[in-house]
Amino acid sequence: MTTETTERTISIMAGNPKVEALADGRIMLDSHLEAFEAALHLISETREKIGKIYIMFDHIGRFNKSFLRKDISRKGKEKPSLADCIPEIAETYRPLADRYDVMLENVEILTEEYVRAVMRKAHPSLEAPFRGVAGSMTQPLCEKECRVGEKPDEETEDILKISCKGIVAEVIELLARHGGDIHLFWEYNPVRCKPFTITGGIVLAEKIFPLDGKRITSTMIFRMRDGSTKSITT
């Protein structure tokens, strides 16, 4: 009975947006709404099977300090949802969530800061090639790591590192704890979200984590020159 239930459950990563707090107080948000909506569409068709919904934020600045509402309790900050974000973020996603009848409270947040901390705690000897965890929160994310050692003609390594591929692999491992099928949704970005990086992270996760045969589906959404979008699912 338990095995059958686990096999039916789906865990979803509903996009990989990036947020930054600017010096003048404004928030710069690369929202990845196309990926978010694609995830919501799947959720609306498989509600009885959903085990966990995450949205994964890259960010500059401490996420809990800069991007969550000030009235959130300390306990709430440990497992925040989109509903806990400041209005500049939460209200960006609310119209789509309302359209698909999904509560923002049910979309939990993963941050690069959190994922890096999980990796360092589970694997204290992990290599962080370019910067430590604290440094990554105050410097532009991914620009160096995603351009070094990410060439399409290189083989995927079997070693977990605190890099873009490593973070993708760790996110998959976190999702695998909540379901038998894992669905990842991305919007193409030439620096942060490239097919080679995502595929490398998936292969790495399958090699080093005990996923027990759980199926991983990844959808990359590309914006075309005419304003339309094209989705490729692997």
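The values are calculated or read from the model by the stated rules, or taken from the named source; none is laboratory data. These figures come from a predicted structure and were not determined experimentally. Cβ placement follows ideal geometry from the backbone for every residue including glycine, while neighbour counts extend to all protein chains displayed. Heads up: the accessible areas ignore ligands, DNA and RNA and are worked out on the full protein's heavy atoms, side chains in. Shrake-Rupley method; radii C 1.70, N 1.55, O 1.52, S 1.80 Å.
Mind checking which helices (runs of 4 or more DSSP H) fall wholly inside the stretch 5-107 and carry at least 3 residues that are over 30 Å from THR233 (Cα atoms) and open to solvent by less than 30 Å² (accessible area, probe 1.4 Å)? Quick ask: steps written out before the conclusion?
On the way: elements: 33-45, 63-66, 74-78, 87-99.
Passing ranges: none, list empty.
Among the candidates THR217, THR199, single out the residue that is open to solvent by 30 Å² or more (accessible area, probe 1.4 Å), among the hydroxyl-bearing types (Ser, Thr, Tyr), out of contact with any Gly (no Cβ under 6 Å at 6 or more places or on another chain) and within 19 Å of LEU40 (Cα to Cα).
Details: THR199 fails: within 19 Å of LEU40 (Cα to Cα).
Exactly one of THR217, THR199 is open to solvent by 30 Å² or more (accessible area, probe 1.4 Å), among the hydroxyl-bearing types (Ser, Thr, Tyr), out of contact with any Gly (no Cβ under 6 Å at 6 or more places or on another chain) and within 19 Å of LEU40 (Cα to Cα), namely THR217.
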Notebook entry, point to check: Which of (1) at pLDDT 90 or above; (2) more than 15 Å from LYS18 (Cα to Cα); (3) touching a Cys at 6+ places or on another chain (Cβ under 9 Å) does GLU145 not meet, given it meets every other one?
Noted result: (1)
Notebook entry, point to check: What number goes with the only condition from (1) more than 18 Å from GLU112 (Cβ to Cβ); (2) in contact (Cβ under 8 Å) with a residue 12 or more places away in the chain; (3) of a type in the set (A, V, I, L, M) that LEU29 does not pass?
Noted result: (1)
Notebook entry, point to check: Here is a list of conditions, (1) out of contact with any Cys (no Cβ under 9 Å at 6 or more places or on another chain); (2) hydrophobic (A, V, I, L, M, F, W, C); (3) over 18 Å from ILE182 (Cβ atoms), and LEU104 meets all of them except one; can you say which number that is?
Noted result: (1)
Next item on the list: Looking only at the stretch 109-124, decide whether some residue is open to solvent by 70 Å² or more (accessible area, probe 1.4 Å) and either β-branched (Val, Ile, Thr) or modelled with pLDDT under 50 (or both).
Entry: no
